[in-house]
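I have placed the structure first, in the form of structure tokens, so that the comments after it can refer back to it.
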Amino acid sequence: MEEKKNYDELIRLLNQCKYAELKEKINEENAANLAEFFEEVPEDKRLLVFRLLTKDNAADTFSYMDSDMQEDIVNSITDNEVHTIIDELSVDDAVDFLGELPANVVKKILKDVSEDRRNIINHFLNYPDDCAGSIMTIEFMEFHWDYTIGKAMELIRKTGFDKETIYSCYIVDNKRKLVGVVSLRTLLLSDDNKKVSDIMEDDVIFVHTLDDQEDIANIFKKYNLIALPVVDNERRLVGIITVDDIVDVIEEENTEDIEKMSALLPSEDEYLKTGVLSLAKNRIVWLLVLMVSGTFSSAIINGYESVLASSVMLASFIPILMDTGGNAGSQASTLIIRGMAVGEIALSDILTVIWKEVRVGFICGVILSAVNFLRLMIFGGTPLMVNITISLSLCITVIVSKTIGCVLPMFAKKLHFDPAIMAGPLITTVVDSVSLIVFFNIASIFIL
């Protein structure tokens, strides 16, 4: 894990009121590091330090701050300073910032922003969350397909500084339809008199404005992209998505999947910044569902009272059986969910997956039951038929649990649910009921 940079020198200058020296040093720092530094600055001095930054550095640093600190800064500075920051931020960063604020605050901030920029930001804010349109930027290089390379390079020199990236440039026709892409390297190494259409790649990978951001992340990974064009329904170029935005998407999606796999409702805030009531609300729903579903296990046990009465010793082995089954099911579900998330497993592979997990379950089940049988024979002092019942139940439970663990996530995907909800506690609850039914039915055969 990366350690935080030491900012003792900057804090010392601040405490000694050496503002001129502090101003010089902080304006030489990387914006991401400065945002980290602001976390160590006392709240009563944060605004003072922020105003020591140059206009460009202030906007860049602001884009790296968390939403709470951004809101504190906005509430402390003047309207003119806010508008300067909004104007200096890239469109996608401005949209990300405004999307976290209450509607009345957004309206106040955008009040004096230029009409063109306000219309663009409002357009972006109207895209649904988690789609391509909500994370794209309009600050990219595009050329008409009839441009010469010399004219294209001249345009890059004039406007490239304000673009999100200039390494991938996009070619459009008279109707602004995307027809090709060309890299900056190709432009630099080509004859100025050629046309960009002569050197462009016309097999362009692109996404539509409403495509899901998780699918877009998979496209970035598959093709090793640094930028991806976004088009509308008529294939007109409307924006691009850059890899830095996709890194944020991957982090968000991974966090959401981990929370769902742990039977939590996803939270948008960091743990330490989330209130106790919010944390409880995110947990209680699934806890209630799992508690109620756990009554099935109780009903099954009550239904086999006669079996337990004939051999009270069986009850002591129920926790081992249920825990082993739950662990086996969770192992399978984790691998299947991960495989579907990265595109390694498709729904059409379900029979192959089941057959593989049945074989894996058989191998694991035989080994576990054999070890358990020997353990009970040597140390347990249990009757032979009870030993056979427990060991055979364990083997079958592992096979069934691994099968359930692979089927349920794929079933959820088929129904257009997130497969992550079928992991962990939910699969354990289902497997518990199945393992009890297996156990008591085998006991009915060998003991009654």
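The values are calculated or read from the model by the stated rules, or taken from the named source; none is laboratory data. A quick note: this is a predicted structure, and the numbers were derived from the prediction, not measured. Reconstructed Cβ throughout: ideal geometry from the backbone, glycine too, with neighbour counts over all protein chains shown. With ligands, DNA and RNA removed, areas are computed over all heavy atoms of the protein, side chains included. Shrake-Rupley method; radii C 1.70, N 1.55, O 1.52, S 1.80 Å.
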Ser114 vs. criteria of a type in the set (Gly, Ala, Ser), under 27 Å from Val82 (Cα atoms) and open to solvent by 60 Å² or more (accessible area, probe 1.4 Å): yes
Segment 288-301: number of residues that are farther than 13 Å from Phe440 by Cβ, among the hydrophobic types (A, V, I, L, M, F, W, C) and modelled with pLDDT of 75 or more: 4
Segment 107-150, residues that are among the acidic types (Asp, Glu), under 30 Å from Leu187 (Cβ atoms) and within 33 Å of the chain's Cα centre (by Cα): Asp116, Glu139, Glu142
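Just wondering, is there one or more residues in segment 365-383 that are of a type in the set (D, E, K, R), open to solvent by 60 Å² or more (accessible area, probe 1.4 Å) and over 25 Å from Asp257 (Cα atoms)?
Start the filter on segment 365-383 by keeping residues that are of a type in the set (D, E, K, R), which leaves 375.
Now drop any that are not open to solvent by 60 Å² or more (accessible area, probe 1.4 Å), which leaves 375.
Next, from what is left, pick out any that are over 25 Å from Asp257 (Cα atoms): 375.
Within segment 365-383, one or more residues are of a type in the set (D, E, K, R), open to solvent by 60 Å² or more (accessible area, probe 1.4 Å) and over 25 Å from Asp257 (Cα atoms).
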Unmet criterion (only one of (1) more than 18 Å from the chain's Cα centre (by Cα); (2) open to solvent by 30 Å² or more (accessible area, probe 1.4 Å)) for Ile240: (2)
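Residues of segment 4-35 being of a type in the set (D, E, K, R) and closer than 22 Å to Thr84 by Cα, which ones?
Scanning segment 4-35 gives Lys23, Glu24, Glu28, Glu29.
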Criterion: under 23 Å from Leu288 (Cα atoms) and either modelled with pLDDT under 80 or open to solvent by less than 40 Å² (accessible area, probe 1.4 Å) (or both) - qualifying residue of Met422, Met410: Met422
Filter result for the condition that a residue is β-branched (Val, Ile, Thr) and open to solvent by 60 Å² or more (accessible area, probe 1.4 Å), over Ile171, Ile226, Ile149: Ile226
Residue match in segment 79-97 (condition: open to solvent by less than 20 Å² (accessible area, probe 1.4 Å) and either within 19 Å of Glu28 (Cβ to Cβ) or modelled with pLDDT of 85 or more (or both)): no
Within segment 30-39, considering residues that are open to solvent by less than 80 Å² (accessible area, probe 1.4 Å) and touching a Lys or Arg at 6+ places or on another chain (Cβ under 9 Å), the one farthest from Val74 (Cα to Cα): Asn33
Members of segment 339-355 that are exposed (fewer than 15 other Cβ atoms within 10 Å of the Cβ) and part of a helix (DSSP H, G or I): Leu347, Ser348, Leu351, Thr352, Trp355
Every residue from segment 132-146 that is open to solvent by 10 Å² or more (accessible area, probe 1.4 Å) and outside any loop (DSSP other than H, G, I, E, B): Ser134, Ile135, Phe140, Glu142, His144
Residue match in segment 9-27 (condition: surrounded by fewer than 18 Cβ atoms within 10 Å (Cβ to Cβ) and in contact (Cβ under 8 Å) with a residue 40 or more places away in the chain): no
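Matching residues to (1) closer than 14 Å to Asp232 by Cβ; (2) in contact with a Phe, Trp or Tyr (Cβ under 6 Å, 6 or more places away or on another chain):
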position: Tyr127; (1), (2): yes, no
position: Gly133; (1), (2): yes, yes
position: Met153; (1), (2): no, no
position: Val181; (1), (2): no, yes
position: Leu184; (1), (2): no, yes
position: Lys194; (1), (2): no, no
position: Ser197; (1), (2): no, yes
Wholly enclosed helices (runs of 4 or more DSSP H) of segment 30-90 bearing at least 1 residues in contact (Cβ under 8 Å) with a residue 40 or more places away in the chain and of a type outside the set (A, V, I, L, M): 67-76
Long-range neighbours under 7 Å by Cβ, at least six apart or interchain, first residue of a type in the set (D, E, K, R) within segment 429-445, second open to solvent by 10 Å² or more (accessible area, probe 1.4 Å): Asp432/Ser297; Asp432/Met322
Search result, residues across segment 296-322 that are more than 15 Å from Pro383 (Cβ to Cβ), in a helix (DSSP H, G or I) and of a type in the set (Ser, Thr, Tyr): Ser297, Ser298, Ser306
